[in-house]
Amino acid sequence: MTEPGRRIPVLVLLPPRALLLDLAGPVEVLRIAGAVQDRITFDLRYAAPQGSIRSSIGLDLGGAGPLPLEIAPGTVVLLPGATEHPLGPKRDPAAEAAAEAEIVAWLRASIRPGHTVVTVCEGALLAARAGLLDGYACTTHHGSCARLRAAAPHANVLENRLFVQDRDRFSSAGVTAGIDLMLHLVAEWAGPATAVAVARTLVVYMRRGPDDPQLSPWLEGRSHLHLVVHRAQDAIGADPVRDWSPATLGKLAGASPRNLARLFRLHAGMTVTEAVNRVRIARAGDLIAQTDLGLEQVAERAGFASARHMRRVWGQFHATAPSTLRSKSPVSKGRDLSRVQGGALMGSGKARHRGQSTWVSARSPAKGLSPLETHDGEPLDPDGGL
């Protein structure tokens, strides 16, 4: 139990070209956490090597203080990431490099035992340059892991992790993963109930843990530009339980079964069958973790012929049994399938099951709904998930 009235000092460093979501997401978690309970308060301060920082969206951030001469024991130092392609007028690379070097020098001189360092996205690169990650496990955005490894050769850089906790060093994959990391910290500081209240206020779909992969199974194989393959993937994601024969899927996507199979291997890096199974397994995982349904019911609602069939396919993608997901979720989750939104994560930003049950029976598809349309009747944007 946390002692009443505890104050946690938080110092947020603003690097040049600060990625605004890296900054605003975690800080909003702290703001709401401070508002929903009174056992913990957060004393936030902002510091920057320059009086004004150009953010990623072209908005100047002013009002930050200078880098302090010293910081109190117990201070949490938050390092958001930055982007190489901010909006706004032409930049001054030399001035930005000098500002980053000033932050690195300050970190090297100021961080001591008793301080907690929290990095979001490429904020880990600044910490690495200061030597703060040597001997620690850490992570960053999946596109920057190689750079982090080069900047911190003595660190244990973990790829495809949402966030990593190693003693007093916390690092996250960045962007929305910064929210997941801060919710995790709030749960430690103020209790799980506070973290849940914050997540509900932020309308966070699901609090993810440090062992979850950065890349969602619903978005795997979507980093291509082929319209036909996107059409097929959208259709599979919209209705995973449907019997997707090569002829049916090819007709919807606008390709012969043979050509569609070739396009999937070429552009998605997987077979059509594997694409269908990945989505069904992802849906099954959501149902297992978030409902109290039995495995036979889960299998049926994820599109498998039986629980035995589901386990066989599950073993192709996971080293552990499906039941381990449920053992990690001790809170009763109820049987309301409308709470499980996994089937709505279709890769296209427009395609959402707006508060409705996400199960569409393979035997009785939703009336009047084509797999290539949203529930609003709007056509899917096949490139929306890129």
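The values are calculated or read from the model by the stated rules, or taken from the named source; none is laboratory data. Because the structure is a prediction, the values reported are computed rather than measured. Quick reminder, even Gly has a Cβ in these numbers, built from the backbone with ideal geometry, and neighbours come from all protein chains shown. In case anyone asks, the SASA skips ligands and DNA or RNA and just uses the protein heavy atoms, side chains included. Shrake-Rupley method; radii C 1.70, N 1.55, O 1.52, S 1.80 Å.
The table for this structure:
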{"item": "Per-residue ³J(HN,Hα) for segment 124-132, Karplus 6.51 cos²θ - 1.76 cosθ + 1.60, θ = phi - 60°, Hz, x for Gly and Pro", "result": "5, 5, 5, 4, 5, 4, 8, x, 7"}
{"item": "H142 - accessible surface, heavy atoms, 1.4 Å probe, Å² rounded to 10", "result": "90 Å²"}
{"item": "Residue-by-residue Karplus 3J(HN,Hα) for segment 45-50, coefficients 6.51, -1.76, 1.60, Hz, glycine and proline x", "result": "9, 10, 9, 8, x, 10"}
{"item": "Whole-number percent relative contact order across segment 1-94, with pairs defined as alpha carbons under 8 Å at least 6 apart", "result": "40 percent"}
{"item": "Surface accessible to a 1.4 Å probe, S306 within the full protein complex, Å²", "result": "40 Å²"}
{"item": "Cut-off under 5 Å, modelled amide H: who pairs with R54 long-range", "result": "R17, L61"}
{"item": "Cβ-Cβ FRET estimate between T320 and R167, R0 fixed at 35 Å, reported to 0.05", "result": "0.85"}
{"item": "With DNA, RNA and ligands ignored, accessible area of V272 (1.4 Å probe; Å², nearest 10)", "result": "30 Å²"}
{"item": "Hz values of 3J(HN,Hα) by residue in segment 133-141 - Karplus curve (6.51, -1.76, 1.60), Gly and Pro given as x", "result": "9, 4, x, 10, 7, 7, 8, 7, 4"}
{"item": "Long-range amide H partners of H141 with built H, under 5 Å", "result": "C121, E122"}
